[in-house]
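Here the structure comes first, spelled out in structure tokens, and everything after it is commentary.
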Amino acid sequence: MANLRSSKIRVGRNKRREQVNKKRLSSVRTAVKQTRAAVAAGNKEEAQKAFKKAESSLARAAGKRTIKKRTAARQTSRLAAAVKTLFKK
């Protein structure tokens with residue numbers, strides 16, 4: 001347990017940030033899953049909507065440093081490629 005006042009404040013702040021980051025990461029994962037499910041189902045419109053949401057949440061999480069920027073870029077790229085395959089058919 002922290003003894004110094006500043007350490008106690010830091011512990012509380014870290015707990016709050018952890019909760020925010022968990023929620024943000026959960027929404028990112030959900031958006032990515034929805035996109036992948038729409039692609040697997042072959043639903044073009046739903047895949048585009050889900051991709052737009054996933055791209056936005058990935059960029060926001062990267063901007064807030066919940067995930068690394070390169071990780072967000074890689075996931076966005078892979079999702080875009082998956083959605084693009086629906087329109088080649």
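See the values below:
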item: Among residues of the range 63-72, those that are over 20 Å from A38 (Cα atoms), surrounded by 12 or more Cβ atoms within 10 Å (Cβ to Cβ) and without any contact (Cβ under 8 Å) to a residue 40 or more places away in the chain, counted; result: 2
item: Members of the range 8-35 found to be surrounded by fewer than 18 Cβ atoms within 10 Å (Cβ to Cβ) and closer than 19 Å to L79 by Cα, listed by number; result: R24, L25, S26, S27, R29, T30, K33, Q34
item: Among (1) modelled with pLDDT under 95; (2) within 12 Å of the chain's Cα centre (by Cα); (3) among the charged types (D, E, K, R) - the single one K8 does not satisfy; result: (2)
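Yes/no matrix, rows are residues, columns are (1) among the acidic types (D, E); (2) free of Cβ contacts under 8 Å to residues at least 24 places away in the same chain; (3) within 17 Å of S27 (Cα to Cα):
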residue: G42; (1), (2), (3): no, no, no
residue: E45; (1), (2), (3): yes, yes, no
residue: K49; (1), (2), (3): no, yes, yes
residue: S57; (1), (2), (3): no, no, yes
residue: A61; (1), (2), (3): no, no, yes
residue: A81; (1), (2), (3): no, yes, no
residue: L86; (1), (2), (3): no, no, no
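The values are calculated or read from the model by the stated rules, or taken from the named source; none is laboratory data. Only a predicted model underlies this, so the values are computations on that prediction, with no experimental measurement involved. A quick note on method: Cβ atoms are made from the backbone with ideal geometry, for glycine too, and the neighbour counts reach across all protein chains shown.
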